[in-house]
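The structure under discussion appears below in the form of structure tokens.
Derivation of every value follows stated rules applied to the coordinates shown; laboratory data play no part. If you're wondering where the values come from, they're calculated on a predicted model, not measured in any experiment.
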Amino acid sequence: MHDELVIACPFWDANDETKPFSEMYTEEWVERLYRNFARHLTVPFEFICFTEKRREFSEPIEQHPFSVAKPTYEHCLEPYKLGRPMILVGLDTIVVDNIDHLARYCLEGGKLAMPRDPFFPDLVCNGVGLVPRNCHWVYDEWLERRDEFDGYAKDMNFIRSLAKRGDVAVLDDLFPGEIVSYKGHVKHYGLDGSRIVYFHGEEKAHQLDHEWIEREWR
């Protein structure tokens, strides 16, 4: 069971630490994400939602509690404690084509892999994570070092610190053009061979009128 691929996402009710660009999430976003992955994976997977309270889902979504009653963005690192092969995404993510090969990357090992930041190409971002098994060390180290980081994006800055020392691979180099930002790539160039689109910051799927969003985000 624990060798099976995990698709993991965080979800909590908006609180006073939540930024306007992520206040709109509901259980329906989680269920759409589950169905979206199910359409584009033939590899068996368990879908786990990290959440601060018990939810009612109509899809087979496993729920894991956050370690706190009032999560903030830094708690997006909690799925790493699973130590399982995992694709870690936010709710603002849409899969547009088969991703079996991305699942195999997680299952077969290698480095933790993150996208290159589309606006700061010398850095990575945490829009999508391909996480091999035994990456629980990421969460363990975060607990030791969390006081080093400030601001709402401290989780991403921590991941960037891991990349700076060579512990994170760059998805754009491993799978060029396949895991892309909506506003950094798709908005200007179209899907163009993309497999996963992440919508960081402003402009989310519910605000946009594209045929591929209507087809996939349902």
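Here are some notes:
- In the distance distribution for the range 1-118, Cα-Cα pairs more than 24 Å apart total 24 percent.
- Max mean-square fluctuation residue, GNM over the chain, Cα-Cα springs under 10 Å, options 192, 117, 155: 192
- Helical mean residue ellipticity (222 nm; -39500 (n - 2.57) per DSSP H run of 4+; nearest 500) of the chain: -7000 deg cm²/dmol
- For the chain, the spread of Cα positions along each principal axis, largest first, Å: 45, 39, 37
- Of 111/204; 70/187; 19/183; 19/111, those spanning more than 24 Å from alpha-carbon to alpha-carbon: 111/204; 70/187; 19/111
- Over the range 97-166, volume per residue of the alpha carbon convex hull, in Å³: 106
- P(r) of the range 141-218 over all Cα-Cα pairs, binned every 5 Å from zero, in whole percent: 3, 12, 19, 18, 15, 15, 11, 6, 1, 0
- Most mobile listed residue (102, 191, 143) in the chain, GNM with C-alpha springs under 10 Å: 143
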